[in-house]
Amino acid sequence: MHDSSAAAFDDYQMVAAVSEERLTRVKGSGESVPWLSIDEVLRVAGWSRRDVDAIATTRGWFATHDYRFSLPRELWYTFERWQGRERTHRELAVLCHRFGIADTHKLFRADRFLKENSFRPGTQIYFANHHAAHALAALFYTDWNDALVYTSDGIGDNVSYSMRSLKNNTLECHYGDDRWLTKTLKETGLASAYGYATVACGFRMLRHEGKLTGLAAYGEPKLAPEMAAQFRFNDNKGLIETDFKNWSAMRQKFLAICHGHERETIAASIQKVAEDFTVQSVRWWLHRTGARRLALAGGLFANVRLNRLLAETLPLDEVFVFPAMGDEGLSVGAALTFLHARDGTETWLRHRHRLDTVYLGQNYDGRIDDTLAAAGMRRLAGRPVETAVDLIRAGKAGAIYTGRMEFGPRALGARSIIASPHDHAINDLLNKRLDRSEFMPFAPFVLEEDASRVFEITDVNRYAAHFMTITCGVRPEWRTRIPAVVHVDGTARPQIIRDADNPLFAAILRRFRDQTGLPVLINTSFNVHEEPIVNRPEECLQALSDGRVDFVVTQQAVYVRG
């Protein structure tokens, strides 16, 4: 497993959610039970472990203690993994498949787990299906009466895809539930192929796929026919299929296809293959279900360019991508899957609502100013909004540190770096200071009242654009005015912001707009390349001290190096 997290729910209300990497400070943390994030969300909620009534999780982790199997068996799994025959020996899903057991509780001593980790005896432990967790997280935060819910991931509970539909208050799973857990399937999906193409480009799988999405606009898809030949679309089932016998075979094949080619060519090619097959499959399922609304989750849908294509080429009224679309979102989905199993579809559907924000981490507004001041950072005179805008207009790049940390892979105005979009030179400057790739575009944020006049925002993509999960075209008259946030293909990945969601973030942008006539600012994540987004005040202080940003703006003041 990778990108683990924890979420705390008070019945249907999500009160906290945090990715483990924000606490370990190691990108992609997820090798074991995410105890740091578990305890963090409990702190945010004001609970202890003994207050927990139910624990919902996927089968993607296996505790350090092997509750069922002996040391020799554990060593055997390790040897199998080393030989490339076992993807991950600690996944309960792998054990379920290996031993033909769908009831995960038979492989897990819940009583011992609860006792050793200070939970109350009898606390319910629920194992959610991987793709159901992805799917229900995406569907729950809508108010739709009909929907297609489509997930695409590397692998989860023995499958790479799932399709569900909502119609007449009935939620039906067409493919991807626990019925496939113990079956022998050849499921090495598009997301995995994208990962191996990422490796072929010299990047890291499960972390740098987004780099290929950015690179794709610079290349020609010359390798797409050969890559596409490794898959086929089943017109009778609506499924994307392949004949690879194992992960190793797929990896070897895709590395061979990519060998000797430029990374721009590789990126453009795998992007086209992912787009063509996914659009074909989603279109098939939309036709079969009659749905006009599309909910998406799973790692493949971190691909904002693919999401745009689905929104703009398919007969849809609205699309929504769960903001934590990758495995970090499974904690939320597991809880929602448990609630669905507990209460039934009718009750579960009644509790659905749209997301306003994903500010679900710890709030350090009471500590950040003291931390910066105590370390000798200089507090500038004047009000925070006015001072920050003056610095931005002077060409400075600063960080906003306010309120509760965002959940998911995107910085959304609580831990963001902000700068003027008027000069493309800021991209080179920031990339150098943050050790980032030069070809990755920066994202803009825009006030809700300005969104449609700057970007090609419609009823279909507006909801998704609140969370930076989709790209859209930049209107031609704005492209030369805000070049720092326009990609080479004329698109951007905007975040639509409202005053009620983040007053400080919105106020800085509104003042900048009123003074310059430019209705957007750069919003890029507050982190150095290969480090998680800043969480605690100490990490914010380090970034300012190291000169990664010129200033930090908080609710109380603006700070610069002393």
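Looking only at residues that are touching a Leu at 6+ places or on another chain (Cβ under 8 Å) and either surrounded by fewer than 24 Cβ atoms within 10 Å (Cβ to Cβ) or modelled with pLDDT under 95 (or both) in segment 292-305, which one is nearest to THR469 (Cα to Cα)?
For segment 292-305, the residue satisfying everything is ARG293.
Just checking, how many residues over segment 29-49 are surrounded by 18 or more Cβ atoms within 10 Å (Cβ to Cβ) and either in a loop (DSSP other than H, G, I, E, B) or assigned by TED's automatic domain parsing to the domain that holds LEU206 (or both)?
4
Which residues, counting only those in segment 444-485, are out of contact with any Cys (no Cβ under 7 Å at 6 or more places or on another chain), outside any loop (DSSP other than H, G, I, E, B) and either under 20 Å from ARG393 (Cβ atoms) or of a type in the set (Phe, Trp, Tyr) (or both)?
PRO444, PHE445, VAL446, LEU447, VAL454, TYR463, TRP478, PRO483, ALA484, VAL485
Scanning for something among the hydroxyl-bearing types (Ser, Thr, Tyr) and within 29 Å of GLU477 (Cα to Cα), does segment 449-462 turn up at least one residue?
Among the residues of segment 449-462, at least one is among the hydroxyl-bearing types (Ser, Thr, Tyr) and within 29 Å of GLU477 (Cα to Cα), which makes the answer yes.
Quick check on GLU531: is it without any contact (Cβ under 8 Å) to a residue 40 or more places away in the chain and either in the same structural domain as VAL389 (by TED's automatic domain parsing) or not in a loop (DSSP other than H, G, I, E, B) (or both)?
no
Each row is one residue, and each column tells you yes or no for (1) surrounded by fewer than 22 Cβ atoms within 10 Å (Cβ to Cβ); (2) assigned to a loop (DSSP other than H, G, I, E, B); (3) not assigned by TED's automatic domain parsing to the domain that holds THR170.
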site	(1), (2), (3)
LYS237	yes, yes, no
LYS245	yes, yes, no
PHE254	no, no, no
ILE270	no, no, no
VAL273	no, no, no
ARG283	yes, no, no
HIS287	yes, no, no
LEU316	yes, yes, no
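For segment 1-28: of the residues being in contact (Cβ under 8 Å) with a residue 60 or more places away in the chain and of a type in the set (Gly, Ala, Ser), which is surrounded by the most Cβ atoms within 10 Å (Cβ to Cβ)?
SER19
Scan segment 253-306 for residues that are under 30 Å from TYR141 (Cα atoms) and either of a type in the set (Phe, Trp, Tyr) or out of contact with any strand residue (DSSP E or B) (no Cβ under 6 Å at 6 or more places or on another chain) (or both) and report the count.
Summing the residues that are under 30 Å from TYR141 (Cα atoms) and either of a type in the set (Phe, Trp, Tyr) or out of contact with any strand residue (DSSP E or B) (no Cβ under 6 Å at 6 or more places or on another chain) (or both) in segment 253-306 gives 22.
Could you identify the single residue in THR480, THR458, THR402 that is within 23 Å of the chain's Cα centre (by Cα) and more than 30 Å from ARG367 (Cβ to Cβ)?
Exactly one residue qualifies, and that residue is THR458.
Quick check on this structure: which one of LYS222, LYS183 is in a loop (DSSP other than H, G, I, E, B), at pLDDT 95 or above and among the basic types (Lys, Arg)?
None of the other options fit; the residue is LYS222.
Given the conditions (1) farther than 30 Å from GLY219 by Cα; (2) buried (at least 23 other Cβ atoms within 10 Å of the Cβ), which single one is not true for VAL474?
Every condition holds for VAL474 apart from (1).
Do we have ARG179 as crowded, with 24+ Cβ neighbours inside 10 Å and free of Cβ contacts under 8 Å to residues at least 40 places away in the same chain here?
For ARG179, the condition - crowded, with 24+ Cβ neighbours inside 10 Å and free of Cβ contacts under 8 Å to residues at least 40 places away in the same chain - is not met.
Let me spell it out: the conditions are (1) in contact with a strand residue (DSSP E or B) (Cβ under 9 Å, 6 or more places away or on another chain); (2) assigned to a loop (DSSP other than H, G, I, E, B), and VAL488 meets all of them except one. Which number is the exception?
Against the list (1) in contact with a strand residue (DSSP E or B) (Cβ under 9 Å, 6 or more places away or on another chain); (2) assigned to a loop (DSSP other than H, G, I, E, B), VAL488 comes up short only on (1).
Can you name the residue in segment 538-562 that is in a loop (DSSP other than H, G, I, E, B) and of a type in the set (Asp, Glu) and, of all such residues, is farthest from LEU430 (Cα to Cα)? Spell out how you get there, then give the answer.
Here is the first cut: in segment 538-562, the residues in a loop (DSSP other than H, G, I, E, B) are 546-550, 554-557, 561-562.
Among the residues that remain, those that are also of a type in the set (Asp, Glu) are: 546, 550.
Details: ASP546: 13, ASP550: 11 Å.
Of everything passing the filter in segment 538-562, ASP546 is farthest from LEU430 (Cα to Cα).
I'm trying to understand the selection: among the residues of segment 541-562, which are in contact with a strand residue (DSSP E or B) (Cβ under 8 Å, 6 or more places away or on another chain) and among the acidic types (Asp, Glu)?
ASP550
Which residues, counting only those in segment 514-537, are more than 22 Å from GLY408 (Cβ to Cβ) and not β-branched (Val, Ile, Thr)?
Step one: of segment 514-537, the residues more than 22 Å from GLY408 (Cβ to Cβ) are 514-519.
Those that are more than 22 Å from GLY408 (Cβ to Cβ) and not β-branched (Val, Ile, Thr): ASP514, GLN515, GLY517, LEU518, PRO519.
Given the criteria assigned to a strand (DSSP E or B) and either over 20 Å from VAL558 (Cα atoms) or in the same structural domain as MET377 (by TED's automatic domain parsing) (or both), does LEU521 qualify?
yes
Specify which of the listed residues (GLY376, GLY382, GLY333) is farther than 30 Å from ALA557 by Cβ and at pLDDT 95 or above.
None of the other options fit; the residue is GLY333.
Pull out all pairs, ordered by first then second residue, where Cβ-Cβ is under 9 Å, the residues are six or more apart or on different chains, the first lies in segment 212-230 and is basic (Lys, Arg), and the second is crowded, with 19+ Cβ neighbours inside 10 Å.
LYS222/THR265; LYS222/ALA268; LYS222/SER269
The values are calculated or read from the model by the stated rules, or taken from the named source; none is laboratory data. Since we're looking at a predicted model, the values are computed, not measured. We place every Cβ from the backbone using ideal geometry, glycine too, and count neighbours over all the protein chains shown.
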